[in-house]
Amino acid sequence: MNILVAGGAGFIGSNLCASLIKDGHKVVILDNLSTGSLANIRDLEYGTYTFVNEDVRTCDLGGIISIAINVIINLACIASPKAYYKQPVDTLMTSVLGTKNLLDYALTQNAMLIQASTSEIYGDPNVDILEETYNGNVSCTGPRACYDEGKRAAETLCMDYIRTHKMDVRIIRIFNTYGPKMNSADGRAIPEFINKALKSESIEIYGSGDQTRSFMFIDDLIKAVKQLIKSDVRFDTPINIGNPYEEHTINELAGIIKTLTHSDVPVVHLSGLEDDPRKRKPSILKAERVISWKPTVSLKDGLCKTIQYFRQND
């Protein structure tokens, strides 16, 4: 198939593009490189993809893409809190205007669109396990709102296009994902902790460190996306993609990374971040039922591969 990946030079996008190309698909990578990097796609086989350096919010997709597109995967958005705190308006507008631009283009192509949403749309939840029916506890005015509310608005757009145009749009809510090709300086916990441990610098944790996250290795996410592409089952409500078997406190994560890197650096606690969720664990019953998917990579195995990548590339 011919597959357009918006945000294809980012962490998730570049790993996904490599896998799609390996499977024999022709890929168009759309990225303005605001947080993505050409270094992430330099190892892709020449001639198997086309790179388009354009802004998903404003570009004329019909004018710059010369082949018929079968599937569009929208990963275009700043995802690191460290980055979107600095670029809140760009973050919000990428989710809203960028998603609308891709939806309109998908209409002209009669293409399936996979919208990458996020577990952040649940905000700071009042429940222990997050099912897709939970509407969340989100601040629309806090510093994280540019990302959280942008993704919520993008989901609204997708649902409106499904209802209005009967489009094949598949919304996935991605939980904390990690792996090779992450930017070691983007501020997210796993690359930040690994980077600090390898450089023998103090690991910094915001708040008490008792807040939890459910960590999913990139390979498991890619398998889920490819299952979505292949599935003949159309579903018109969002679906969680995450690893409920690997919920850990941030303190526990720091300890695991210290052990795996053979580091004895100190852990320093800083003031907590505003609206930082206290817990984050998905229900994946819908994913198991609809696309026969569940994660299989353990946190230890995934972290070992990620640490090896940072040792070789930093």
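The values are calculated or read from the model by the stated rules, or taken from the named source; none is laboratory data. Here the structure is a predicted model, which is why all the values come from computation and not from measurement. Methodologically, a virtual Cβ is constructed for each residue, glycine included, from the backbone with ideal geometry; neighbour enumeration extends over all protein chains shown. Areas reflect the complete protein model, heavy atoms only, side chains present, ligands, DNA and RNA absent. Shrake-Rupley method; radii C 1.70, N 1.55, O 1.52, S 1.80 Å.
Residues in the stretch 192-215 that are more than 24 Å from the chain's Cα centre (by Cα) and of a type in the set (Asp, Glu): 201 only. Within the stretch 222-229, does at least one residue satisfy the condition of being open to solvent by 50 Å² or more (accessible area, probe 1.4 Å) and more than 17 Å from the chain's Cα centre (by Cα)? Looking for residues that are open to solvent by 50 Å² or more (accessible area, probe 1.4 Å) and more than 17 Å from the chain's Cα centre (by Cα), one finds none in the stretch 222-229, hence no.
Applying the criterion of at least 3 residues that are among the charged types (D, E, K, R) and in contact (Cβ under 8 Å) with a residue 24 or more places away in the chain to the helices (runs of 4 or more DSSP H) found wholly in the stretch 198-314 leaves 218-230, 299-313. Can you pull out the residues in the stretch 10-55 that are of a type in the set (A, V, I, L, M, F, W, C) and either farther than 22 Å from residue 180 by Cα or in contact with a strand residue (DSSP E or B) (Cβ under 6 Å, 6 or more places away or on another chain) (or both)? If the condition is that a residue be of a type in the set (A, V, I, L, M, F, W, C) and either farther than 22 Å from residue 180 by Cα or in contact with a strand residue (DSSP E or B) (Cβ under 6 Å, 6 or more places away or on another chain) (or both), then 17, 20, 21, 27, 28, 29, 30, 51, 52 are the ones that fit. Only one of the listed residues (258, 300, 279, 286) is of a type outside the set (Ser, Thr, Tyr) and open to solvent by 60 Å² or more (accessible area, probe 1.4 Å). That residue is 300. Number of residues in the stretch 2-36 that are in contact with a His (Cβ under 6 Å, 6 or more places away or on another chain) and at positive phi equals 0.
Do we find that residue 190 is more than 29 Å from residue 97 (Cα to Cα) and part of a helix (DSSP H, G or I) in this structure? Yes; evaluated as a whole, the condition is true for this residue. Looking across the stretch 56-100, the residues that are assigned to a helix (DSSP H, G or I) and either closer than 22 Å to residue 176 by Cβ or open to solvent by less than 10 Å² (accessible area, probe 1.4 Å) (or both) come down to 61, 81, 82, 83, 84, 88, 91, 92, 94, 95, 98, 99.
Candidates 131, 155: the one that is among the acidic types (Asp, Glu) and open to solvent by 20 Å² or more (accessible area, probe 1.4 Å) is 131. Per the listing 162, 172, the residue uniquely at pLDDT 95 or above and open to solvent by less than 10 Å² (accessible area, probe 1.4 Å) is 172.
Filtered by the rule that a residue be in a helix (DSSP H, G or I), buried (at least 21 other Cβ atoms within 10 Å of the Cβ) and either in contact with a strand residue (DSSP E or B) (Cβ under 8 Å, 6 or more places away or on another chain) or of a type in the set (A, V, I, L, M, F, W, C) (or both), the stretch 109-128 gives 119, 121, 122. Tell me whether the stretch 191-210 contains one or more residues that are among the aromatic types (Phe, Trp, Tyr), crowded, with 22+ Cβ neighbours inside 10 Å and over 25 Å from residue 27 (Cβ atoms). Among the residues of the stretch 191-210, at least one is among the aromatic types (Phe, Trp, Tyr), crowded, with 22+ Cβ neighbours inside 10 Å and over 25 Å from residue 27 (Cβ atoms), which makes the answer yes.
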